[in-house]
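The structure appears right after this line, and notes come after that.
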Amino acid sequence: MVTLMSEQAQQIEDFVPNEYAAGFVTDIESESLPPGLDEGVIREISRIKDEPEFMLEWRLQAYRHWLTLETPEWAHVQYPPIDYQALSYYSAPKQKTDGPKSLDEVDPELLKTYEKLGVPLEERARLAGVAVDAVFDSVSVANTFQDKLAEEGIIFMPFSKALKAHPELIKKYLGTVVSYRDNFYAALNSAVFSDGSFIYIPKGVRCPMELSTYFRINAANTGQFERTLIIADDDSYVSYLEGCTAPMRDENQLHAAVVELVIMDRAQIKYSTVQNWYPGDENGVGGIFNFVTKRAACRGESSKVSWTQVETGSAITWKYPSVILQGDNSIGEFYSVAVTNNLQQADTGTKMIHLGKNTSSTIISKGIAAGRSQNSYRGLVRVGPNAENARNYTECDSLLMGDKCGAHTFPYIEVKNPTAQVEHEASTSKISEDQLFYCKQRGLDVEDAVSMIVNGFCKQVIRELPMEFAVEAQNLLGLSLEGSVG
Amino acid sequence: MLEIKNLHASIDGKEILRGINLTVNAGEVHAIMGPNGAGKSTLSNVLAGRDGYEITQGEVIYKNEDLLALAAEERAQRGLFLAFQYPVEIPGVSNVYLLKAALNAVREYQGLDELDAMDFLTLVRSKLELVQMDEKFLNRGVNEGFSGGEKKRNEILQMALLEPSLAILDETDSGLDIDALRIVSDGVNALRSPDRSIVMITHYQRLLDYIVPDFVHVLSDGRIVKSGDKELAKELEKSGYSWVNEESAGLPA
């Protein structure tokens, strides 16, 4: 364990509040369940969504298990206890019919919201080659390009819809990567999840466009519990983008998602996230609690998964996108940038579990801490007894801005096979006055200089993102750190 | 171009510059020499606007403006360039990116449009020849893994691109072998022009064989104690700085 605090000069510690550009509230009628959680609420959620019986049973099992669990406290984050009875577990925009059949039926207010967020719907999306399954609070309201995808046999739809259309697939795979017994938040999610995305890529199909879901929490006091399940069958490929924003509110909001990826023989999933949930204000008031369980199972031989994440938002981030490398020759990658400013706290990293032979994994983590924030990398590399010739390369770099923030690294390595090669490199640096002065002497102002230096620091990760996402991420890095250097 | 009047500057309460007077006209090349600790680097840092120095007395006029009232980036945008003694590494930021950002910052101040990628590349390529640098340097991280000589050539490349009115070369010869010194000097000489002034700060006379100055000043204990032409440098080389110090010992403090 390494704990490092910065010793930065006085100059680099002048903090001003950031503008949170996505912090507007959409005025739209919504249907919510009253706050509180019991079996009745779960039955009600399942009833509203008209779910098959097996789903309700699964939810109830998860709920009963959740009741036996305690909040995990091992992460390097601090927050007051959450009153789970004070939250509402279902919120949906009011609709006349079962669901919109096309964009014309979608509430224009909603579309405006997406427009403000820069979500490419309608023709813009087609031009950009992005199919969007937009999740507004709990219900998917717009789902584009299904027809085009259907031609390829690709299924891309809201989770609740998939439960009706493809119950056999969901029954077969749901909870097989992240069991409801996995952890406290996974159990809670399993009990009350409202919606999310379901994707199935058939054998031999390379998904012709990047699939994207834009999550957004709108209603106050609502927890958002998405459930995403992606299955890449033999020899298939899909790139999935996930962007997240939420309005500014003084209360903390809970976001406890579960993402499960299943990758078969020689298939590949590239999963990219830009997370910009509201981080709270400069005094730490408000902001999202982002407690997420993401895991991929490389079941097939030579299968591959890449997690790329740029995390700039949320008051607290608790998130470890992981890979179980079961298939021989399978590959897991984790590329992460986590930025914390003001009073944000992030405890994020990955787990690479090597089970198959010749499996390899790469972990590149870049943590940037500013303000009075705490930024931790926590990662596990485990090599099982049968994982002959497993390889891992881990690189964790931290960048500190100012002298009131903290960067921490918690690497765990467990090797049970003597042929394994595991490498770990770590560094901590700060934006030096020398670098800033050098840039200023070349005519750049401080904000541009910081943005340039930070983007350089994150280059290994940013270049893994699809082009349009990379541009968004670069801008976001600059915005998140605005005013963090005086 | 530049007029320094009775400049006093301190760092952490210790006075380093103790009354500098210097006038540099357009087109002139001045060499400022002096022993270690004389205040040479302090002078270049104060002129470029580095934080951490307290100006206790005096003024600096640059192109009819109060230089000391401007932020470091404003001075740069107005054509003041500092070639660093120790150019800093900026990992992951490509050299070409910094060059483009720097040039566009200057152009924006001058009310010019940003150069597009193609025009910029053409321009940079022509400047690369001047310092005999390979194009691959453009895509490497700023000074990342550069040798000492490459770093100094990279500074001159930036100078050639930004075409400053006043260039301050801080110990540009330090750490250079004879071949690199020749390349850097040729680059600087090619940039001499009637509307550009150059101030070279150096410990050794050697550089002045390659870049011949119009004026030579000796800085000692925070003041310019002797000025002359290039012959003064030769005298120094022969007799050492102690000669100047002894000679100037009688000067009023």
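What are the residues in the stretch B:27-53 that are loosely packed, with under 14 Cβ neighbours inside 10 Å and touching a residue at least 40 places away in the same chain (Cβ under 8 Å), if any?
B:Asn36, B:Gly52
For the stretch B:112-120, state whether one or more residues are more than 8 Å from every other protein chain (Cβ to nearest Cβ) and buried (at least 19 other Cβ atoms within 10 Å of the Cβ).
Within the stretch B:112-120 (the criterion being more than 8 Å from every other protein chain (Cβ to nearest Cβ) and buried (at least 19 other Cβ atoms within 10 Å of the Cβ)), the answer is no, since none of the residues qualifies.
Looking at B:Glu59, B:Glu114, B:Glu129, which one is in contact (Cβ under 8 Å) with a residue 40 or more places away in the chain and of a type in the set (Asp, Glu)?
Just one listed residue meets the conditions, B:Glu59.
When you check B:Leu82 against the structure, is it out of contact with any Pro (no Cβ under 8 Å at 6 or more places or on another chain), surrounded by fewer than 18 Cβ atoms within 10 Å (Cβ to Cβ), modelled with pLDDT of 95 or more and within 14 Å of another protein chain (Cβ to nearest Cβ), yes or no?
In short, no.
List every residue pair whose Cβ atoms sit under 8 Å apart, with the two residues 6 or more apart in sequence or on different chains, where the first one lies in the stretch A:162-176 and is part of a helix (DSSP H, G or I) and the second, anywhere, is of a type in the set (Asp, Glu).
Partner pairs satisfying both residue conditions: A:Leu163/A:Glu51; A:Lys164/A:Asp50; A:Tyr173/A:Glu260.
Given the conditions (1) outside any helix (DSSP H, G or I); (2) within 11 Å of chain A (Cβ to nearest Cβ); (3) of a type outside the set (Gly, Ala, Ser), report the number of the one that B:Asn104 does not fulfil.
Unmet for B:Asn104, out of (1) outside any helix (DSSP H, G or I); (2) within 11 Å of chain A (Cβ to nearest Cβ); (3) of a type outside the set (Gly, Ala, Ser): (1).
Sort out which residues of the stretch B:55-76 are surrounded by fewer than 21 Cβ atoms within 10 Å (Cβ to Cβ) and within 14 Å of chain A (Cβ to nearest Cβ), and write them in order of number.
Scanning the stretch B:55-76 gives B:Leu70, B:Ala71, B:Glu74.
Return only the number of the condition from (1) touching a Leu at 6+ places or on another chain (Cβ under 9 Å); (2) within 11 Å of another protein chain (Cβ to nearest Cβ); (3) not charged (D, E, K, R) that A:Ser432 does not satisfy.
With (1) touching a Leu at 6+ places or on another chain (Cβ under 9 Å); (2) within 11 Å of another protein chain (Cβ to nearest Cβ); (3) not charged (D, E, K, R) applied to A:Ser432, the lone miss is (1).
Does at least one position in the stretch A:316-324 carry a residue that is in contact with a Pro (Cβ under 6 Å, 6 or more places away or on another chain), in contact (Cβ under 8 Å) with a residue 12 or more places away in the chain, buried (at least 24 other Cβ atoms within 10 Å of the Cβ) and more than 25 Å from A:Glu210 (Cβ to Cβ)?
No: the stretch A:316-324 contains no residue that is in contact with a Pro (Cβ under 6 Å, 6 or more places away or on another chain), in contact (Cβ under 8 Å) with a residue 12 or more places away in the chain, buried (at least 24 other Cβ atoms within 10 Å of the Cβ) and more than 25 Å from A:Glu210 (Cβ to Cβ).
Within the stretch B:19-26, does at least one residue satisfy the condition of being in contact with a helix residue (DSSP H, G or I) (Cβ under 8 Å, 6 or more places away or on another chain), crowded, with 16+ Cβ neighbours inside 10 Å and either over 18 Å from B:Glu3 (Cβ atoms) or within 13 Å of chain A (Cβ to nearest Cβ) (or both)?
No; the residues of the stretch B:19-26 include none that is in contact with a helix residue (DSSP H, G or I) (Cβ under 8 Å, 6 or more places away or on another chain), crowded, with 16+ Cβ neighbours inside 10 Å and either over 18 Å from B:Glu3 (Cβ atoms) or within 13 Å of chain A (Cβ to nearest Cβ) (or both).
Yes/no per residue for (1) over 22 Å from A:Leu380 (Cβ atoms); (2) within 13 Å of the chain's Cα centre (by Cα):
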{"residue": "A:Glu260", "(1), (2)": "no, yes"}
{"residue": "A:Ala267", "(1), (2)": "yes, no"}
{"residue": "A:Gly284", "(1), (2)": "yes, no"}
{"residue": "A:Ala297", "(1), (2)": "no, no"}
{"residue": "A:Gly313", "(1), (2)": "yes, yes"}
{"residue": "A:Pro321", "(1), (2)": "no, yes"}
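Are any of the residues in the stretch B:193-205 in contact with a Pro (Cβ under 9 Å, 6 or more places away or on another chain), basic (Lys, Arg) and at pLDDT 90 or above?
Taking every residue of the stretch B:193-205 in turn, at least one turns out to be in contact with a Pro (Cβ under 9 Å, 6 or more places away or on another chain), basic (Lys, Arg) and at pLDDT 90 or above.
Can B:Tyr97 be described as within 14 Å of chain A (Cβ to nearest Cβ), assigned to a loop (DSSP other than H, G, I, E, B) and of a type in the set (Phe, Trp, Tyr)?
Here the answer is no, as B:Tyr97 does not meet what is asked.
Which of the residues belonging to the stretch A:437-477 are small (Gly, Ala, Ser), within 9 Å of chain B (Cβ to nearest Cβ) and in contact with a strand residue (DSSP E or B) (Cβ under 7 Å, 6 or more places away or on another chain)?
A:Gly456
Please tell me if A:Phe334 is touching a Pro at 6+ places or on another chain (Cβ under 7 Å) and hydrophobic (A, V, I, L, M, F, W, C).
Here the answer is yes, as A:Phe334 does meet what is asked.
Where in the stretch A:192-307 are there strands (runs of 3 or more DSSP E), lying wholly inside it, with at least 2 residues that are over 17 Å from A:Pro158 (Cβ atoms) and either at pLDDT 90 or above or not β-branched (Val, Ile, Thr) (or both)?
A:237-245, A:252-255, A:258-263, A:268-276, A:287-298
The values are calculated or read from the model by the stated rules, or taken from the named source; none is laboratory data. Computed from a predicted model, the values in this text were never measured in an experiment. For neighbour counting, all protein chains shown are included, and Cβ atoms are generated from backbone atoms with ideal geometry for every residue, glycine included.
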